[in-house]
Amino acid sequence: MSIRILIGTADQELAGALRAQITELPDLEVVGVEKGSSGVIGIVTTEQSLDVVLVDEGIGPMPAHDLVRELALRRPHGAAVLLSRRMDEDVLTRALEAGARGVMSRSPSLEELETRVTAAADWSREMRRRLDTTSHDALQEERGRVIALAGAKGGTGTTTLAVQLALAAAAERTVCLVDMDLQTGDIPSYLDVVHRRSIADLVGVASEITGPMIADALFVHRDGPHVLLAPSEGERAEEVTALAARQILSALRSRFEMVIVDCGAFMTEGSVTAVELADRVILTVTPDLPALRAAKRLVQLWVRLEVRKDDELSVVLTQQSRRNEIQPDLAGKILSLPLAKSTVPSAFRALEKAINSNTLSRVEDDGFRRAIMQLGTEFGILPVNAGQEVRTSRRSRAEAR
Ligand SMILES: Nc1ncnc2c1ncn2[C@@H]1O[C@H](COP(=O)(O)OP(=O)(O)O)[C@@H](O)[C@H]1O
Ligand SMILES: [Mg+2]
């Protein structure tokens, strides 16, 4: 089977010259030429039989090294070769550090072209063969699940639900709660967290995060979950680029069984990336028309930006009470989005008390706690029998009376 190559360059002349050379080599074939980084990412994600990507150092808008890194994250067995004017140790080291399989001159001899491309393709095919023989389940197990929560608008209970799910899950699993509501994140006011480090401290090292760096950035809450805070200075939000968010979340997912991300209601590069990467997205809405309409608009925005289709997405109705005019059935009709089976009942007093006394893991409202357990089970965050405990506590209290 011939080696299938994608060329990534905005330089028409370079593309033409490479194409002409490749035609002379019987075992090599050009699948396409992409002028920009997003085009390259698009082809690499969809074209499964691609062997090698030649990335021109001058490609944009994403810098070539960042693009190589992104390709390695999206397709670990894909082989990228950097095309560079300069060929020295420094260039090679930087390219290899970004995850490239090698560096090739922008005007290679036919022999150089054949050698570099064949070596990269051999590696890629060997990696693919090995990954295929590793069972899919084993791979899945090594990766924690990412659950992203977003609010249709502010005040719909996103942070409350994220914190509650994280606390409940931490009893069973290793959990990291990430505050990706970068400008208005307020997890510290719900959980008693005193910590100076935030996600902004991981941005500079995002491409090479190690265990100790993560340990340094995270706060360990006494009830179990690890917490990665939003920067305390809101303006640092923009430091969390899509690439940094992707790298940070990937690093967390490889170390925690469950990564729960509070994306807030305001979309930034960081929060959009979390929504894109998540295994499941939970959108919170209150039972009122402005929130329901905002939820529809937000999902439409995700679809337009090609961040997320409405798959693996559930809307959770919060602050639900029988007195509300809009009941779950009607909300479901207005939204025409998948509604979670359980709703979060209104529990204003119990929540207020729990927040003030710093006991959010023990909200004194059985209906509220049961809803959290049911939602956790519904979304695969908690084991199937998790709701038992709330029922039992109720029964044992009744028995004690
Ligand atoms: N189920 C609920 N019942 C009553 N009040 C709630 C409920 N969920 C959240 N709240 C309250 O609503 C306010 C906003 O909640 P929060 O979780 O911070 O929303 P968001 O993160 O969407 O802005 C808080 O005062 C919180 O205590
Ligand atoms: Mg919030």
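Accessible area per residue for region 3-133 is 49 Å², calculated with a 1.4 Å probe on protein heavy atoms, without ligands, DNA or RNA. The accessible area of Ser107, taken with all protein chains in place and a 1.4 Å probe, comes to roughly 100 Å².
For trypsin sites (Lys or Arg not before Pro), the sites in region 178-224 that DSSP calls loop and that have at most 10 other Cβ atoms within 10 Å are Arg196, Arg222.
Across region 3-133, C-alpha contacts under 8 Å between residues 6 or more apart give a mean separation that, scaled by the residue count, equals a relative contact order of 23 percent. For the chain, the alpha-carbon radius of gyration amounts to 1.14 times the rule-of-thumb value 2.2 N^0.38 Å expected for a compact globular protein. Of Leu305, Leu249, the residue with the largest accessible area leads and the full order is Leu305, Leu249 (1.4 Å probe). Taking every C-alpha pair closer than 8 Å and separated by at least 6 residues, the mean separation divided by the residue count of the chain gives a relative contact order of 13 percent.
So what's Rg/Rh here for region 3-133, counting alpha carbon atoms and using the Kirkwood radius for Rh?
Result: Rg/Rh = 0.92.
Counting lysine pairs in the chain that sit 8 or more residues apart in sequence, or on different chains, and whose Cα atoms lie under 25 Å apart gives 11. Residues in region 139-400 average 47 Å² of solvent-accessible surface per residue, probe 1.4 Å, ligands and nucleic acids excluded.
Taking the accessible area of the chain, probe 1.4 Å, and keeping the other protein chains in place, the carbon and sulfur fraction comes to 49%.
Since only Ile43, Ile187, Val117 are under comparison, the one whose Cα sits farthest along the positive direction of the charge dipole of the chain, derived from C-beta charges on Lys, Arg, Asp and Glu, is Ile187. Maximal additional length on extending the Val193-Glu238 stretch stands at 13.9 nm, based on 0.36 nm per residue less the C-alpha distance.
The values are calculated or read from the model by the stated rules, or taken from the named source; none is laboratory data. In this text the structure is predicted, and so the values were computed from the model without any measurement. When we count neighbours, we look across all protein chains shown, and the Cβ atoms used for this are built from the backbone with ideal geometry, even at glycine. Side chains included, ligands, DNA and RNA excluded: accessible areas come from the protein's heavy atoms. Shrake-Rupley method; radii C 1.70, N 1.55, O 1.52, S 1.80 Å.
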